[in-house]
Amino acid sequence: MAIDLPIYLFTGFMDSGKTSLIKDTIFNSGFTEDAKTLLVACEDGDEEYDEDELAKYNVSLEWIENEEDFTLEKLEELADKYQPEMLFIEYNGTWKISTFSDIELPETWELAQVLTTVEGPTFEMYLTNMRTMMLEQIFLSDVVIINRSTDDLPKAKFRAAIKQNNKKAQIVYERPDGSIDENAMNALPYDKSKDFLDLSDSDYALFFMDVMDNPKDYNGKTVKFRALIYKPDDYKRKKEGFVPGRFAMTCCAADIQFLGLVCKSSHAAEVSHKQWVDLTAKVKYEFNRDYGGRGPVLYETNITPAEQPEDQLVYFS
């Protein structure tokens, strides 16, 4: 079925750069290609729209100021009025994302892309003080743009918080001058081009995120790290493997998660639940039931008891 109306949803808190991104998309990128476009704005920030300028690009502007008015009926009314070829929505940062996501769109409408803007200098503060509201903005995102990004921002922590809540999201770091920081998008604290990776405690959290995101990159490589052994009940019965990993703090003490990988080992019966070990294993990208599909499976090549580290947590910064 042909899509009559692709929808581009822009989310993020006020003053995070949504309006600037939309204007740049319309005025500078040539994305709309003069297609008849309806822009529905739900938030009146410091950056304003010039309706005469929008009209030059075949863009009409409408406002929905109250959350209770943001309904399918209202969107259909506006679509009927303007007959657009594409729909941009600048969503209000204080509204629940469910107000949009619960709408059952007509069959000929499609949510084409969700873009979320985040102000880099305030992101950590929002994660600490308004975490639920902040991460809700990211829930549907295809692309998260962290703007005003500088070298001193804890980018690894930002990436962890985003990926824990939305694994599919692409993260883009935009410098204050508007250029894209390619290095920040791809930086890891180790050289993953090597065949043997001797991971420190400070490497593990980022290694876990990257091996889960890009398992094919690690296929055939050997890794070594200090791990806490977990043996879920089904592993205890089968005695063929375990789950080595570490507890990680993604943002604050209230947000600690165990980051573990499936491991096959002929020595599984010799190690106990919650034992510390130094583990060396080969990574294979293959199907495993615990992943619900293909994923990184470790095959132990050496395992020795180890001392509990002074700090049992690992971090994303």
Query raised in the report: Looking at segment 133-157, which of its residues are at pLDDT 85 or above and not aliphatic (A, V, I, L, M)?
Result: Glu136, Gln137, Phe139, Ser141, Asp142, Asn147, Arg148, Ser149, Thr150, Asp151, Asp152
Report summary line: Residues of segment 171-205 being in contact (Cβ under 8 Å) with a residue 24 or more places away in the chain and aliphatic (A, V, I, L, M), in sequence order, are Ile171, Val172, Ala184, Ala187, Leu197, Leu199, Ala205
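For segment 98-112, enumerate the residues that are under 17 Å from Lys74 (Cβ atoms) and not in a strand (DSSP E or B).
Ser98, Thr99, Phe100, Ser101, Asp102, Ile103, Glu104, Leu105, Pro106
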Query raised in the report: Of all residues in segment 216-252, which are modelled with pLDDT under 95, outside any strand (DSSP E or B) and surrounded by 18 or more Cβ atoms within 10 Å (Cβ to Cβ)?
Result: Lys231, Tyr235, Thr250, Cys251
Query raised in the report: How many of the residues in segment 75-99 are touching a residue at least 40 places away in the same chain (Cβ under 8 Å) and within 20 Å of Ser60 (Cβ to Cβ)?
Result: 13
Report task. Could you grab me the full set of residues in segment 257-275 that are exposed (fewer than 14 other Cβ atoms within 10 Å of the Cβ) and either assigned to a helix (DSSP H, G or I) or modelled with pLDDT under 85 (or both)? Result -> Ala269, Glu270
Query raised in the report: What number goes with the only condition from (1) touching a Leu at 6+ places or on another chain (Cβ under 7 Å); (2) over 20 Å from Tyr315 (Cα atoms) that Lys194 does not pass?
Result: (1)
Query raised in the report: Only one of these conditions is not met by Asp210: (1) exposed (fewer than 13 other Cβ atoms within 10 Å of the Cβ); (2) modelled with pLDDT of 90 or more; (3) within 25 Å of Ile162 (Cα to Cα); (4) in contact with a Leu (Cβ under 9 Å, 6 or more places away or on another chain). Which number is it?
Result: (1)
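Residues are listed down the side, and each one gets a yes or a no for (1) under 27 Å from the mean Cα position of the chain (by Cα); (2) surrounded by fewer than 16 Cβ atoms within 10 Å (Cβ to Cβ); (3) of a type in the set (Phe, Trp, Tyr):
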site	(1), (2), (3)
Tyr8	yes, no, yes
Phe13	yes, no, yes
Leu21	yes, no, no
Asn28	yes, yes, no
Ala35	no, yes, no
Leu38	no, no, no
Ala41	yes, no, no
Gly45	yes, no, no
Query - Close pairs (8 angstrom Cβ cut-off, 6 or more residues apart or separate chains): at pLDDT 75 or above in segment 158-170, surrounded by fewer than 19 Cβ atoms within 10 Å (Cβ to Cβ) and aromatic (Phe, Trp, Tyr) anywhere - result: Asn165/Phe139; Asn166/Phe139
**Report entry** Search result, residues across segment 289-298 that are surrounded by fewer than 17 Cβ atoms within 10 Å (Cβ to Cβ) and in a strand (DSSP E or B)
**Finding:** Gly293, Arg294
Report task. Could you please find all residues in segment 288-317 being modelled with pLDDT of 95 or more and of a type in the set (A, V, I, L, M, F, W, C)? Result -> Val297, Leu298, Ile303, Ala306
Query raised in the report: Is it fair to say Lys56 is surrounded by fewer than 18 Cβ atoms within 10 Å (Cβ to Cβ) and in the same structural domain as Lys74 (by TED's automatic domain parsing)?
Result: yes
Query raised in the report: Assuming Asn66 fulfils every condition listed in (1) farther than 24 Å from Asp15 by Cα; (2) exposed (fewer than 14 other Cβ atoms within 10 Å of the Cβ) apart from one, which condition is it?
Result: (1)
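The values are calculated or read from the model by the stated rules, or taken from the named source; none is laboratory data. All figures in this text were calculated on a predicted structure; none of them were measured in a lab. In this analysis, Cβ positions are derived from the backbone assuming ideal geometry, glycine residues included, and neighbour counts consider all displayed protein chains.
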